[in-house]
1. Just wondering, is there one or more residues in the stretch 59-70 that are touching a Ser or Thr at 6+ places or on another chain (Cβ under 9 Å), in contact (Cβ under 8 Å) with a residue 60 or more places away in the chain and over 12 Å from VAL26 (Cβ atoms)?
2. Taking the condition buried (at least 17 other Cβ atoms within 10 Å of the Cβ) and either hydroxyl-bearing (Ser, Thr, Tyr) or touching a Phe, Trp or Tyr at 6+ places or on another chain (Cβ under 8 Å) (or both), does VAL75 pass?
3. Are any of the residues in the stretch 5-17 in a loop (DSSP other than H, G, I, E, B), modelled with pLDDT under 95 and over 11 Å from the mean Cα position of the chain (by Cα)?
4. Is it true that THR41 is more than 18 Å from MET1 (Cα to Cα), over 9 Å from the mean Cα position of the chain (by Cα) and either in contact (Cβ under 8 Å) with a residue 60 or more places away in the chain or in a strand (DSSP E or B) (or both)?
5. Hey, can you tell me all the residues within the stretch 25-45 that are surrounded by fewer than 12 Cβ atoms within 10 Å (Cβ to Cβ) and small (Gly, Ala, Ser)?
6. Looking only at the stretch 49-63, which residues are closer than 19 Å to TRP83 by Cα and of a type outside the set (Phe, Trp, Tyr)?
7. With (1) surrounded by 12 or more Cβ atoms within 10 Å (Cβ to Cβ); (2) of a type in the set (Lys, Arg); (3) out of contact with any Gly (no Cβ under 6 Å at 6 or more places or on another chain) as the list, and ARG16 as the residue in question, which single condition is left unmet?
8. From (1) within 19 Å of LEU15 (Cα to Cα); (2) without any contact (Cβ under 8 Å) to a residue 12 or more places away in the chain; (3) of a type outside the set (Asp, Glu), pick out the condition that doesn't hold for VAL78.
Amino acid sequence: MPYRVVILQTARDQLRDAPPLLLGYVDGVLAVLRVDPDAATAAFDVLVSADGLREAIFAGSRGFLDFRVQEERQVIFVYDVTWVG
């Protein structure tokens, strides 16, 4: 069963009026994470901090998506999206 994605208010605000290129990248990253948030992929890297916060790095290090995974409920919480492109 795919994971459910919850985009928190801070990330929603960051995605409002975002360029279409960023929205496309975020859609692609979330599509992969929904299936398996631990999967390795050539499309983006994921770093995991000591406290469990994960950061997907995409678009040649121009985009960053911070998230946490709640395994028992199969939910991905998106906290922050940064675009330096």
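The values are calculated or read from the model by the stated rules, or taken from the named source; none is laboratory data. Please read these numbers as outputs of a predicted model, since none were measured by experiment. Heads up, the Cβs are rebuilt from the backbone with ideal geometry, glycines too, and the neighbour counts pull from every protein chain shown.
1. No: the stretch 59-70 contains no residue that is touching a Ser or Thr at 6+ places or on another chain (Cβ under 9 Å), in contact (Cβ under 8 Å) with a residue 60 or more places away in the chain and over 12 Å from VAL26 (Cβ atoms).
2. Answer is no for this residue.
3. Quick first cut of the stretch 5-17, residues in a loop (DSSP other than H, G, I, E, B) only: 8, 16-17.
With the extra rule that they be modelled with pLDDT under 95, the set shrinks to 17.
Okay, now just the ones that are also over 11 Å from the mean Cα position of the chain (by Cα), so 17.
Yes, that holds for at least one residue.
4. No.
5. Residues satisfying the conditions are ALA39, ALA40, ALA42.
6. The answer is LEU53, ARG54, GLU55, ALA56, ILE57, ALA59, GLY60, SER61, ARG62, GLY63.
7. So the condition that ARG16 fails would be (1).
8. (2)
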